[in-house]
Amino acid sequence: MTASIPTGLAAPHNRFKLPTSIRRLIRNPLAMVGLFIVLTFIFVGLFAEQISPHDYDLSNLSMARKGPSATHLLGNDEIGRDMLSRLFHGARISLTLSIISVGIGLVTGVLMGVAAGYFGGVVDLIIMGIIDIMLAFPSILLAIVFVAFLGSSLQNAMIAIGVLSIPVYTRLVRSSTLSIKEELFVEAARALGASHLTIVLRHILPNVFAPIIVQSTLQMAVAIQAAAALGFLGLGAPPDVPEWGNMLQKGRNFIFSAPHIVLYPGLATMLVVFGFSLLGDGLRDALDPRLNR
Amino acid sequence: MTKFILRRLLLAIPTLLGVSFLVFASIRLVPGGPAVALAGELATPQMIEQLNRELGLDQPLLIQYVNYLGRMLRFDLGRSIRSGLPVVEEIQTRLPRTLLLAVVSLAVSSVLGITIGVTAATRPNSLFDGGSMIFALLGVSMPIFWSGLMLMIFFAVLLPQWLTSIGFPTGPILPPTGSGTWQHLVMPVTALAANSMAIQARMTRATMLEVLRQDYIRTARAKGQKERIVIYVHALRNAMLPIVTIIGLQFGTLLGGAVLTETVFSWPGIGRLLVDTISFRDYPVIQGTVLTISIGFVLTNLAVDVLYAYLDPRIKYS
């Protein structure tokens, strides 16, 4: 016996179409610029040790606050350490910090969003109540409070930044789950006796994959900026760690005599955030052409 | 309308209670608990026990929270560990300065952001459109505190150097830090406004592009209406809803962003107070400032909701 499959069962909407999406992404020059910046950032982060021209921690007081030269392309910091090498190692810290914090936000936010959207009722009410409270704080303030009370460290900064991205994922996944769970293919899976876990893992999550990818790219930008802000306030990495926000905080005291110390870490932060934003926008346009303006 | 406002106010109560609970609970996150936090790490067990009794920390958590709410309603947020002054008094002195910074920044960024957004939308894919949107994205990408530092370098070092070199010897063009005169406002406002202007410009462009595709715009043009009226009366008025929302939300963000800008420019606002007290572990002040900023944020969102309903007659009030 053969039966025709309703279109709703065969082709869930919004499914991630790799080749077409990639083609659309490649045709977007701004997204390509973003991708290039992001890949460069990742490369520098991964190979900071190998490509650094000097030891990032070696101070030389006779070179303190010296501007760019042939041996030190971006000059030296307040105690004579090579700025370029410190920037490269800073990229590694920013990369690690942003990946871990976005990961924390993603996993927690997706779990909360799926639970709220799929189960609804009291579960939804409680989860969205928590999210509303989290959203009642300007995001950077939430991170500051968290670190202020837990103590400042790189680890706590990662947790704080991760926590502040939870609401974004929860809301995103909840709204997608709410619409997808009403689709015919979910109803069919339920009728066939699929468990909640199977429905969520096999039918709901694959359909929210595209918006999660887009959001995560944009969240990387938010995380890098937030990490630099915490570092600048002295609430992130320990003082000697070459984190970009930290470097800005230290250089602030020499802003008029050695402006290069604050110029480059800020420029690096801006460039990487810019890259992730361009790539995120490009991915959004490529994965969901309905949003294309 | 009154009913709608009352309903929204009632809906904000659980959020405000949640915020107050989070702030109340935050001090309990401190390793060793609130008494150790207040008495310092070198406190003896007797001192901690006494402090626990004095602060009512030996009572059940729920009673402590109710007492905390009661004190909060009487505007009693405790005393600063550092200065010994009531926290409310410290906040009262600082808050107007932060509000001044946020309001001026919002006004500047709204005027510029909307103008740039509208101009870009009316010339889609033009050089201005592409350039302004890349510029806007760069503006969003720039860390607020860094743009503040760059402004300081420009106005206090580079510009005076250049003016001196062409025969106009001068000192710093604008005071790099402090408050008191309008000149002190220029740099922090520029740093804050640059970021929110970029967001508003992007939002205005996107919304205007959508509105300009609508049938009633074509009708207005077909009737021979002047382009200026089509853009500013027919289109912008209808595009204002999401823009107003973004502007409202930006106000809250500016309150949070003020923490960084005030630190850079030594602006004596509530954000600077928060950062200063963190290093002193002055927990009552930290709690008080966070609570104030968050309540301001919730109330701003509430005002945006009400304004939204007022601007769009299709939104039902009940």
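The values are calculated or read from the model by the stated rules, or taken from the named source; none is laboratory data. Keep in mind that this is a model prediction, so the values were computed, not measured. Glycine gets a Cβ as well: all are built from the backbone with ideal geometry, and neighbour counts include every protein chain shown. The area values use the complete protein model at the heavy-atom level, side chains included, leaving out ligands, DNA and RNA. Shrake-Rupley method; radii C 1.70, N 1.55, O 1.52, S 1.80 Å.
Taken together, the criteria exclude B:V189 from residues that are surrounded by 13 or more Cβ atoms within 10 Å (Cβ to Cβ) and without any contact (Cβ under 8 Å) to a residue 12 or more places away in the chain. The test for being open to solvent by less than 70 Å² (accessible area, probe 1.4 Å) and closer than 23 Å to A:A237 by Cβ holds for A:G75. Only one of the listed residues (B:V290, B:V304) is more than 23 Å from A:G231 (Cα to Cα), in contact (Cβ under 8 Å) with a residue 24 or more places away in the chain and among the hydrophobic types (A, V, I, L, M, F, W, C). That residue is B:V304. When each of A:L263, A:L235 is tested for being within 24 Å of A:S59 (Cα to Cα), at the interface with chain B (Cβ under 9 Å from one of its Cβ atoms) and open to solvent by less than 20 Å² (accessible area, probe 1.4 Å), the lone residue that passes is A:L235.
Within region A:124-145, the set of residues being facing another protein chain (nearest Cβ under 8 Å) and part of a helix (DSSP H, G or I) comprises A:G129, A:I130, A:D132, A:I133, A:S139, A:I140, A:L141, A:I144, A:V145.
Table: residues versus (1) of a type outside the set (S, T, N, Q); (2) more than 14 Å from every other protein chain (Cβ to nearest Cβ).
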site	(1), (2)
B:A220	yes, yes
B:Q225	no, yes
B:G256	yes, no
B:I270	yes, no
B:D276	yes, no
B:T289	no, no
B:S294	no, no
B:F297	yes, no
B:L311	yes, yes
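For region B:123-168, a residue qualifies if it is open to solvent by 50 Å² or more (accessible area, probe 1.4 Å), among the hydrophobic types (A, V, I, L, M, F, W, C) and touching a Ser or Thr at 6+ places or on another chain (Cβ under 7 Å), and exactly one does: B:F128.
Yes or no, residue by residue, for (1) within 22 Å of B:L100 (Cα to Cα); (2) within 13 Å of chain A (Cβ to nearest Cβ):
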position: B:L151; (1), (2): yes, yes
position: B:Q161; (1), (2): no, yes
position: B:L174; (1), (2): yes, no
position: B:N195; (1), (2): yes, yes
position: B:Q200; (1), (2): yes, no
position: B:M208; (1), (2): no, yes
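Here B:L22, B:L38, B:L57 are screened, and the one residue that is within 20 Å of B:T289 (Cα to Cα), more than 10 Å from every other protein chain (Cβ to nearest Cβ) and buried (at least 18 other Cβ atoms within 10 Å of the Cβ) is B:L38. Within the set B:T98, B:T115, B:T93, B:T44, the sole residue that is open to solvent by 40 Å² or more (accessible area, probe 1.4 Å), closer than 26 Å to B:L299 by Cα and not small (G, A, S) turns out to be B:T93. Among the residues of region B:111-143, those that are within 16 Å of B:A191 (Cβ to Cβ) and either in a helix (DSSP H, G or I) or outside the structural domain of B:E210 (by TED's automatic domain parsing) (or both) comprise B:L112, B:G113, B:F135, B:A136, B:L138, B:G139, B:V140, B:S141.
Looking only at region A:194-245, residues that are outside any helix (DSSP H, G or I) and among the β-branched types (V, I, T) come to 1 in all. Please enumerate the residues belonging to region A:110-150 that are of a type in the set (F, W, Y) and crowded, with 20+ Cβ neighbours inside 10 Å. Correct list: A:Y118, A:F137, A:F146, A:F149.
Would it be correct to say that B:T261 is within 30 Å of A:G231 (Cα to Cα), among the polar types (S, T, N, Q), crowded, with 23+ Cβ neighbours inside 10 Å and touching a Leu at 6+ places or on another chain (Cβ under 9 Å)? The answer is yes for B:T261. The number of residues in region B:264-283 that are assigned to a helix (DSSP H, G or I), open to solvent by less than 20 Å² (accessible area, probe 1.4 Å), of a type outside the set (S, T, Y) and more than 16 Å from B:L100 (Cα to Cα) comes to 2. The single residue among B:A239, B:A309, B:A303, B:A222 that is of a type in the set (A, V, I, L, M) and modelled with pLDDT of 90 or more turns out to be B:A222. Against the list (1) at pLDDT below 85; (2) open to solvent by 30 Å² or more (accessible area, probe 1.4 Å), the condition B:L69 fails is (1).
The residues in region B:284-301 that are of a type in the set (G, A, S) and open to solvent by less than 20 Å² (accessible area, probe 1.4 Å) can be counted, and the count is 2.
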